[in-house]
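Inspection log for the structure reproduced underneath, given as structure tokens.
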Amino acid sequence: MKPITQPYARLNLEFFLPEQIGLRPLSNWHMDLLGQWRAGKVFTWSGPILDQVDDKIGVQYIPHPTIKNNVRTKDFYSLDLRFSKKFKTQFGTIQLFIDVTNLLNLKFMYFEHPFIITGENPLSDYNDYMVSLHLPTKVFDDVEFYEYPYMFIPGNDQPGDYPKPNVEFVPINIVRGDYLLPPAVVMESRDPNELYYVYTNATYKQFIDGQWQNAEPGVVQHILDNKAYINMPDNIQTAFLNPRGFKLGIRISF
């Protein structure tokens, strides 16, 4: 299968104050802005990929024959800045500059990195992350509803999404019907904050005071708005590789 192209665009704006303006402290200043955009990568996702070593739920998934190139990672945006000033001396021209990369400090998840360079089981890490995303139903437009490769909560997530800063992970487990909600003896030892999503009636349940109840809408909305349900990879330090950076420099031309 041929890879799908990733369109991209670059915009460079240059502002400068010429030497002729007469105000020497302000002359020969240059400011360059470089903006970049790159469309996300397209790939195929047709459900968890489980091998013989990590067949943790007893089901062997294989790629779906008609689902191809159905998801795209988030687009990449960046804005860089350079300030520079030239001084003419008897020895030559001196240029002082400061570079600021990722000026707006946009946080971007390099989607593939944490799953390539990861801990004990990169496949499990990948599955857990992808399954936790609330993907739009259009990603499975090529199949009927009853052919969906796995149960998922519809939403607008894309690979590359992540929880908001300082948000604690809240797992949302999915069961097909109310009759499959775990019994009280199991839930007593579980995280009281976790939610269950009943697939057949699209309701959120929470185990409160020894019984299953509909989760408070405000609690659910807070979890959804903050994307607290996304199960991030263990090797998270390799996911965000583009923090804002500063560099000072000097260039001498003879």
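Counting beta carbons within 10 Å around each of 140, 254, 43 and listing the fewest first gives the order 254, 43, 140. What does the charge count around residue 33 come to, taking other residues whose C-beta lies under 9 Å from its C-beta (Lys +1, Arg +1, Asp -1, Glu -1)? Combined, the nearby Lys, Arg, Asp and Glu give -2. Equivalent-ellipsoid semi-axes for the range 105-165 (Cα gyration tensor, √(5λ), whole Å, largest first): 24, 16, 9. The residues neighbouring residue 238, those whose beta-carbon lies less than 12 Å from its own, together hold a net charge of -3 under the Lys/Arg +1, Asp/Glu -1 convention. When the chain is modelled as a GNM with alpha-carbon springs shorter than 10 Å, which of 169, 16, 111 fluctuates the most? Among 169, 16, 111, the largest GNM mean-square fluctuation belongs to 16.
In whole percent, what relative contact order does the chain give with Cα contacts below 8 Å and a gap of six or more residues? Provide the component values of the computation, followed by the final result.
On the way: 451 pairs, mean separation 54.0, N = 254.
Taking the mean separation of contacting Cα pairs over the length of the chain, I get 21 percent.
Remark on the range 151-254: Rg and Dmax equal 20.4, 81 Å (Cα only). Return the aspartates and glutamates within reach of residue 68: Cα separation strictly under 13 angstrom, same-chain partners fewer than 8 residues apart disregarded; answer none if there are no such residues. Candidates past the 8-residue exclusion: 141, 142.
Net charge near residue 77, counting Lys/Arg +1 and Asp/Glu -1 over other residues with Cβ under 11 Å of its Cβ?
Numbers: positive: 38, 74, 107; negative: 75.
Within the 11 Å Cβ shell, the charges total +2.
When the listed pairs 107/205; 41/107; 41/138; 41/227 are checked against a 26 Å cut-off, the alpha-carbon distance exceeds it for 107/205. Kirkwood-type hydrodynamic radius, the range 62-163: 17.7 Å, calculated from all non-identical alpha-carbon pairs.
For percent of Cα pairs over 29 Å apart, the value calculated from this model appears in [x] 48; [y] 28; [z] 33 under label [x].
Each of 177, 254, 229 was placed along the dipole of the chain (beta-carbon charges, centred on the mean Cα), and the one lying farthest toward the positive end is 254.
Excluding same-chain neighbours fewer than eight residues apart, the aspartates and glutamates reachable from residue 86 by a Cα-Cα span under 18 Å are 14, 19, 32, 99. The value of relative contact order for the range 159-198, using C-alpha pairs under 8 Å at least six residues apart, is 54 percent. Calculation over all alpha carbon pairs of the range 212-254 in 10 angstrom steps from 0 returns a P(r) of 17, 23, 22, 16, 10, 7, 3, 1 percent.
Readers should treat all values here as calculations from the given coordinates under stated rules, not as data from a laboratory. Note that the structure is predicted; figures quoted are calculated from it, not measured. Because the Cβ atoms are built from the backbone with ideal geometry, glycine has one as well, and the counts that use them run over all protein chains shown.
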